[in-house]
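Here is the structure we will look at.
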Amino acid sequence: MIGVDTAGIAAKLGAAADTATPVSQLAAEVGLDVPTAYGVQAALVQRRLDSGERLVGLKMGLTSKAKMAQVGVDEVIWGRLTDAMRVPDGGTVDPAAYIHPRVEPEVAFLLDRLPEPGEPVGDFASAVRAVAPAIELIDSRYADFRFSLPDVIADNTSAAAFVIGPWSPVPAGLDNLGVLLEVDGRVAQVGSTAAILGDPRRALDEGIRLAGRYGVRMQSGWVFLAGAATAAVPLRPGAHVRAVVEKLGTASLRASS
Ligand code: OOG
Ligand code: MG
């Protein structure tokens with residue numbers, strides 16, 4: 001889009017993340033449309049790659065109605081994951097390093113050989129080497145966690161950190177597994193993998209299609225987050241968070257106090 005300062009917006013969002021200081025929504029003011037917002041996202045993540053981080057996968061966002069309703073945006077989006085965002089299973093994060101962190105339960109795929117963009121995944125079991133329960137920590141860089149569709153795309157779909165639980169071979173069905181998010185041993189959210197586009201495998205088709213539009217091809221060895229099955233919950237200092245996905249097991253995370 002002519003006249004939009006893609007690099008300037010990426011620098012502003014990058015600084016907001018680095019200093020844990022929120023910024024105001026900007027898409028309406030600068031006239032950011034969806035394709036240009038993906039350009040800002042690419043520039044924002046490129047800044048991280050320039051400082052030595054590695055691209056390790058992609059994430060889907062707003063693949064469930066619960067998430068769409070929570071943030072008031074009803075389109076499927078995708079973002080980029082880097083190695084610096086990965087927290088080991090059972091690891092600790094410092095909530096003060098984020099603006100208003102939230103956690104949500106996810107299903108992760110470890111990618112193997114993938115079809116070209118435009119081709120259906122077809123044989124899911126040959127495109128995905130393993131699956132795992134996961135937790136995504138999201139942190140919108142916008143004040144009050146409020147944003148429009150182009151705003152959240154530019155902000156790398158609120159990606160901040162993620163935890164992957166133990167990998168398992170791809171089970172026969174992934175479309176109706178119970179999902180729980182527990183905080184300090186109490187159930188905070190309950191859902192089903194069916195909430196993720198009817199079947200989380202569909203999220204991979206969508207990811208290949210949508211990222212392919214921007215020339216991004218998924219790589220063997222990448223991680224893919226299919227999107228949260230439930231709404232996200234605030235991450236408080238000292239909290240112990242567990243995501244449990246039926247048949248797949250658990251992923252966990254602690255917040256330092
Ligand atoms: C946008 C990111 C959504 C998901 O799993 O749906 C997302 C947000 O909620 O801030 O990661
Ligand atoms: Mg997510």
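Please treat every number below as a calculation from the coordinates, not as lab data. Values in this document were obtained by computation on a predicted structure and should not be read as measured data. We place every Cβ from the backbone using ideal geometry, glycine too, and count neighbours over all the protein chains shown.
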Ranked list, fewest to most other Cβ atoms within 10 Å of each Cβ, for THR250, THR157: THR250, THR157
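Place a +1 charge on the Cβ of each Lys and Arg in the chain and a -1 charge on the Cβ of each Asp and Glu, then give the dipole magnitude about the Cα centre in debye, rounded to the nearest 20. Walk me through the numbers on the way to the answer.
Values: 24 positive and 29 negative charges, 63 e Å.
I would put it at about 300 debye.
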Value of Rg to Rh for the range 79-225 (Rh from inverse mean 1/r over Cα pairs, i.e. Kirkwood): 0.95
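How large is the helix-only mean residue ellipticity at 222 nm for the chain, computed as the sum of -39500 (n - 2.57) over DSSP H runs with n ≥ 4, divided by its residue count, in deg cm²/dmol to the nearest 500?
After summing the helix terms and dividing by residue count, I get -7000 deg cm²/dmol.
Among MET60, MET68, what is the fewest-to-most ranking by other Cβ atoms within 10 Å?
Values: MET60 28, MET68 16.
Starting with the residue having the fewest Cβ neighbours, the order is MET68, MET60.
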Mean Kyte hydropathy of 0.0 or more with a Cα span along the axis of at least 15 Å, helices from DSSP in the chain: 6-19, 34-50
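If the only charges are +1 at each Lys and Arg Cβ and -1 at each Asp and Glu Cβ, what is the size of the charge dipole of the range 142-222 around the Cα centre, to the nearest 20 debye?
Values: 7 positive and 9 negative charges, 58 e Å.
Result for the range 142-222 is approximately 280 debye, rounded to the nearest 20.
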Rg and Dmax of the range 160-211, Cα atoms only, in Å: 13.2, 38
Set of lysines near LYS12 by C-alpha distance (under 23 Å), chain-local residues within fewer than 8 positions excluded: LYS59
All-pairs alpha carbon distance profile, the range 202-252, 10 Å steps from 0, percent: 18, 38, 29, 15, 0
Amide H within-cut-off set for TRP78, under 5 Å, with H built and near neighbours excluded: GLY61
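Note down, for the chain, the three equivalent ellipsoid semi-axes (square root of 5 times each alpha carbon gyration tensor eigenvalue), biggest first, whole angstrom.
Equivalent ellipsoid semi-axes, largest first: 26, 22, 16 Å.
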The chain: most fluctuating residue of ILE135, ILE99, ILE164 per GNM, C-alpha cutoff 10 Å: ILE99
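Of the DSSP beta bridges with both residues in the chain, give the percent that are antiparallel, rounding to the nearest 5.
Values: 44 of 53 bridges.
The answer is about 85 percent antiparallel.
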Max mean-square fluctuation residue, GNM over the chain, Cα-Cα springs under 10 Å, options ASP184, ASP89, ASP199: ASP184
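Arrange SER126, SER252, SER140 by Cβ neighbour counts within 10 Å, fewest through most, would you? Show your work: numbers first, answer last.
Details: SER126 13, SER252 17, SER140 25.
Fewest-to-most ranking of SER126, SER252, SER140: SER126, SER252, SER140.
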Within-13-Å neighbourhood charge of LEU55 [Cβ basis; K, R +1; D, E -1]: +4
GNM flexibility winner over the chain from VAL107, VAL245, VAL34 (Cα, springs under 10 Å): VAL34
Kirkwood estimate for the range 55-162, i.e. one over the average of 1/r between Cα atoms, Å: 15.1 Å
